[in-house]
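**Q** Take this structure first; my questions come after.
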Amino acid sequence: MTIHWTSLDSPVGRLLLTADPETGALTSLSVPGQKGGRSVQDGWRHEPGAFRDAEEQLAAYFAGELKEFRLPLRAEGTEFREKVWNALDTVPFGATTTYGEIAARIGASRAAVRAVGGAIGANPLLIVRPCHRVIGADGALAGYAGGLERKTTLLTLEGAL
């Protein structure tokens, strides 16, 4: 299957977006140097027009005018990862939560906090699926696949820091 892609400039660096060519659903949003991030592959098709809604919403988000993305998303992962990712979608703009709270939301045990962290770290949809809103139980800005500097920028933009 051909993957559609585009790239956009943003306050956190160049964003690489990919989408399902049949449904138009956003399948990934990566930043340069991201742990596990995507990069353009042979056979992918550059289709900037397919990302017009995403581009407009991201611009509004970075301008402080949008608090909730309304984009079709399609990330593929294990059932556990998908539960964690769905829980991320419930963390509102301007708020933070902890790994333990995400574990509790999905009905996982306290012992599953590391697995929750792994699922959050594997989130392929940075920014639009707000993994940057998850912090350590002690309030520390724990890991972020896009880098702690970007996490700080996003949380500051949202007024959470």
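The values are calculated or read from the model by the stated rules, or taken from the named source; none is laboratory data. Being a predicted model, the structure only gives us computed values, none of them experimental. Quick reminder, even Gly has a Cβ in these numbers, built from the backbone with ideal geometry, and neighbours come from all protein chains shown. The protein model used for the area step is the full one, side chains on, heavy atoms only, and it has no ligands, DNA or RNA in it. Shrake-Rupley method; radii C 1.70, N 1.55, O 1.52, S 1.80 Å.
**Q** Please go through the stretch 7-21 and pick out each residue that is small (G, A, S) and farther than 18 Å from L148 by Cβ.
**A** The answer is S7, A19.
**Q** Here's something else I'd like to know. Please determine, by comparing only the residues of the stretch 131-161 that are at pLDDT 95 or above and touching a strand residue (DSSP E or B) at 6+ places or on another chain (Cβ under 8 Å), which one is surrounded by the most Cβ atoms within 10 Å (Cβ to Cβ).
**A** V134
Matching residues to (1) over 13 Å from the mean Cα position of the chain (by Cα); (2) closer than 21 Å to R133 by Cα:
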residue	(1), (2)
D20	yes, no
L26	no, yes
A63	yes, yes
L71	no, yes
R74	no, yes
G77	yes, yes
K83	yes, yes
D89	no, yes
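**Q** Please enumerate the residues belonging to the stretch 109-161 that are within 10 Å of the chain's Cα centre (by Cα) and among the hydrophobic types (A, V, I, L, M, F, W, C).
**A** Once the filter is applied, which keeps residues that are within 10 Å of the chain's Cα centre (by Cα) and among the hydrophobic types (A, V, I, L, M, F, W, C), the stretch 109-161 yields I120, A122, L125, L126, I127, V128, C131, A145.
**Q** Identify, from the list G43, G37, G49, G24, the residue that is under 27 Å from L148 (Cα atoms) and either open to solvent by 20 Å² or more (accessible area, probe 1.4 Å) or modelled with pLDDT of 95 or more (or both).
**A** G37
**Q** Please tell me if W5 is open to solvent by 30 Å² or more (accessible area, probe 1.4 Å), touching a Lys or Arg at 6+ places or on another chain (Cβ under 8 Å) and modelled with pLDDT of 95 or more.
**A** So W5 fits the description; yes.
**Q** Another question about this same structure. Give the residue that is nearest to R52 (Cα to Cα), with candidates limited to residues of the stretch 62-81 that are open to solvent by less than 40 Å² (accessible area, probe 1.4 Å) and among the aliphatic types (A, V, I, L, M).
**A** Among those residues, the one meeting the criterion is L71.
**Q** Only one of these conditions is not met by D138: (1) touching a residue at least 12 places away in the same chain (Cβ under 8 Å); (2) in a loop (DSSP other than H, G, I, E, B). Which number is it?
**A** Just one mismatch for D138, condition (1).
**Q** Strands (runs of 3 or more DSSP E) wholly in the stretch 1-73 with at least 3 residues that are touching a residue at least 12 places away in the same chain (Cβ under 8 Å), under 23 Å from N86 (Cβ atoms) and among the aliphatic types (A, V, I, L, M) - which ones?
**A** Of the strands (runs of 3 or more DSSP E) lying wholly inside the stretch 1-73, those with at least 3 residues that are touching a residue at least 12 places away in the same chain (Cβ under 8 Å), under 23 Å from N86 (Cβ atoms) and among the aliphatic types (A, V, I, L, M) span 15-19.
**Q** What number of residues within the stretch 28-59 are on the phi > 0 side of the Ramachandran plot and under 17 Å from the mean Cα position of the chain (by Cα)?
**A** Of the residues in the stretch 28-59, 2 are on the phi > 0 side of the Ramachandran plot and under 17 Å from the mean Cα position of the chain (by Cα).
Yes or no, residue by residue, for (1) open to solvent by less than 30 Å² (accessible area, probe 1.4 Å); (2) at pLDDT 95 or above; (3) part of a helix (DSSP H, G or I):
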position	(1), (2), (3)
K83	no, yes, yes
A103	yes, yes, yes
R114	no, no, yes
I120	yes, yes, yes
R129	yes, yes, no
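**Q** Sticking with this structure for a sec: Pick from the stretch 108-126 the residues that are touching a strand residue (DSSP E or B) at 6+ places or on another chain (Cβ under 6 Å) and aliphatic (A, V, I, L, M): which of them is farthest from R38 (Cα to Cα)?
**A** Per the stated criteria, the residue is I120.
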